Amino acid sequence: MDLSLRLWLIALCTLLFFSTTTTAADMSASAINDRTKPTGNIHLEGTAPTIVAAANPARTGQVVYDQYCASCHNSGLMGAPKKGDADDWAARVSQGDAVLAKHAIQGFNAMPAKGTCMDCSDDEIIAAINYMIEPN
Ligand code: HEC
């Protein structure tokens, strides 16, 4: 290797050294943020929160009652036991939970099956029953 090439290489290395160190010495906030930022945006498959509303999320007893049962059970329409009325419910509750649930789910005389909430789950109907038998 001749001398001029060697000198040229030394000059090049020096230049590279100083150019990288001056960049590294840049203490501005944006330069620091840039140097310390994560190397990639990590996306973990399957762990991203999914904000997809369930087609039929479980409703509370009150929500089901207000929407489907109140029309009859608020006023006692057609002899429906009134919400929170202990006298209306005493004899019915004494049949046991299973009978109450069965009558509400399958229908019973003028009581329509599921109180017309056809997309209600059994659990939602039972929640509505519990809500309506609670004393006011
Ligand atoms: C169209 C009016 C109507 C609607 C709406 C209705 N009910 Fe009723 N429900 C009745 C009537 C009338 C009775 C009394 C039936 C009887 O004893 O002959 C009754 C009785 C009941 C009973 C007592 C059953 C028994 O074994 O004594 C339960 C529990 C009940 N309803 C739950 C519900 C629920 C829960 C809803 C709403 C999801 C609902 N009902 C909506 C009219 C209605």
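Some values worked out for this structure:
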| read-out | value |
| --- | --- |
| Per residue accessible area in Å² of region 86-127, where ligands, DNA and RNA are left out and the probe is 1.4 Å | 60 |
| Per-pair calculated FRET efficiency, R0 = 25 Å: Ala101 and Asn74 via Cβ, rounded to 0.05 | 0.75 |
| Bins of 5 Å, starting at 0 and running to the largest distance - Cα pair percent for region 61-133 | 4, 18, 31, 32, 13, 1, 0 |
| Label-point separation, Thr60 to Arg6 (7 Å along Cα→Cβ), nm | 8.6 |
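The values are calculated or read from the model by the stated rules, or taken from the named source; none is laboratory data. Keep in mind that what you see is a predicted model, and the values were worked out from it rather than measured. Please note: Cβ atoms are built from the backbone with ideal geometry, for glycine as well, and neighbour counts cover all protein chains shown. Note: accessible area is taken over every heavy atom of the protein model, side chains too, but ligands, DNA and RNA are not part of it. Shrake-Rupley method; radii C 1.70, N 1.55, O 1.52, S 1.80 Å.
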